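To start, the structure itself, in structure tokens.
Quick note: the coordinates plus some simple rules give every number you see, no bench work behind them. On a predicted model such as this, the values are computed, not experimentally measured, just so you know. Glycine also receives a Cβ, built like all others from the backbone with ideal geometry; neighbour counts cover every protein chain displayed.
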Ligand code: GLA
């Protein structure tokens, strides 16, 4: 039987040496070649959405620098819809969206952003609004006519339905809608979507809803990391949206949350109130060096490669230029030193250069390993690149 570290090493070997397995068929809609980035109303506002709110958030995303850092999709989650009309067309809440959804999409587009919306594969959404069951083609056409660029489809009130069948229906409806639309599956990992969703959607949830607290974030990290080999350009595991800036974690914890989502090539959907964010929240979410790790064109999901002492972990992600992004993660309640060995992160070289992506500083050239003191519930996030090839040995 493999020990825990044996399992970790085996995973590392399969990722770094042999590459990931390729699912037979992949959705090929040409979208989300890197993990989608944007903002979604749910984590902070729940059902309290309106035209005015979404416009103000779009304004703030544009003016705060988030748009220019890559956050492009502005997504209204549940509760925008109230009914269907006599022809079955979905109807938005006219009190909260007095100008209708198309006008809102136009507003968001005029800000240089893209517009996303939420529905549910069952009879009703999780908040009891009309679902899309039986209206897949009609809803996809409606969304396309409104200028929707991204659809998240939930899985409440879907008992008796088969997830892969229902989601494939909506994939096909979107494909015939006449508009390129990113497709986000949200069945919380309950039907092993990593086995079939790459052929259906651009991203699929792997976990229950995230909570704005450290144990929930770590739980989603651990679950999402089980499926690393299926992620690739156009098809991403989704450990749920970001909680950065919502107040339930410290800034160190939010830096860890953001770093680990980047290491996992996770979608980066912010979930806070952009209008009132603190400078620290803005700095975390717009760290371009960390975002570049998430958006790296190689599109590999990083994994846990070492845990020499309990709760002191090393995570690594291969990047297109041959370097590795590394997160030294301290899950424990005291500051601790964590060491990343070059071999363990998949760099078979004698020495490597190290850059700290939160300090924005080069640390120098190191042989065999790099160690750093990591705060409790925090990370040190690094980019480690080979300094020179291993000298050929002669005997
Ligand atoms: C589910 C989803 C959440 C959110 C809510 C809305 O719980 O997982 O992300 O969309 O529904 O009701």
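Quick notes on this one:
- Dimensions (Å) - region 79-230, Cα atoms, principal axes, largest first: 43, 33, 28
- Each of 79, 47, 186 was scored by other Cβ atoms within 10 Å of its Cβ. Listed from fewest to most, they are 47, 79, 186.
- With the biggest extent put first, the Cα atoms of region 148-195 measure 30, 21, 16 Å across the principal axes.
- Counting only alpha carbon atoms, the long axis of helix 251-263 and the longest principal axis of the chain meet at about 90°.
- Stokes-Einstein D (µm²/s) once Rh is taken as the Kirkwood radius of region 193-274 over alpha-carbon pairs, at 10 °C in 1.306 mPa s: 124 µm²/s
- Rg ratio for region 94-139: its Cα radius of gyration over 2.2 N^0.38 Å, N being its residue count, equals 1.36.
- Counting every other Cβ atom within 10 Å of each residue's Cβ, 125, 365 order from fewest to most as 365, 125.
- Full extension of the chain between residue 373 and residue 165 yields a length gain of 70.0 nm, computed as 0.36 nm times the residue separation minus the alpha carbon distance.
- For the chain, the relative contact order comes to 15 percent (Cα pairs under 8 Å, sequence separation of at least 6).
- Order of 252, 294 - criterion: other Cβ atoms within 10 Å of each residue's Cβ, fewest first: 252, 294
- When its C-alpha radius of gyration is set against 2.2 N^0.38 Å (N residues), region 134-221 gives a value of 1.17.
- Rg/Rg_ref, region 274-395, where Rg_ref = 2.2 N^0.38 Å and atoms are Cα: 1.13
- Expressed in Å, the radius of gyration and Dmax of the Cα atoms of region 173-238 are 13.0, 42.
- Potential extension, residue 83-residue 350 segment - 0.36 nm per residue separation minus Cα distance: 89.7 nm
- Over region 307-371, all Cα pairs binned in 5 Å intervals from 0 give whole-percent P(r) values of 4, 16, 27, 28, 17, 7, 1, 0, listed from short to long.
- For region 289-343, the mean projected area of the C-alpha convex hull, equal to one quarter of the hull surface, is 4.2 nm².
- Gain on full stretching of the segment that runs from residue 102 to residue 365 - 0.36 nm per residue minus C-alpha separation: 89.3 nm
- Share of Cα-Cα pairs in region 84-169 lying beyond 17 Å, as whole percent: 50 percent
- Ellipticity estimate at 222 nm from DSSP helix runs (n ≥ 4, -39,500 (n - 2.57)) divided over the chain, nearest 500: -8000 deg cm²/dmol
- Percentage of interatomic Cα-Cα distances in the chain larger than 27 Å: 49 percent
- Relative contact order (%) - region 201-277, alpha-carbon pairs under 8 angstrom, separation at least six: 34 percent
- Using C-alpha pairs under 8 Å with a sequence gap of at least 6, the mean separation divided by the residue count of region 265-321 gives a relative contact order of 32 percent.
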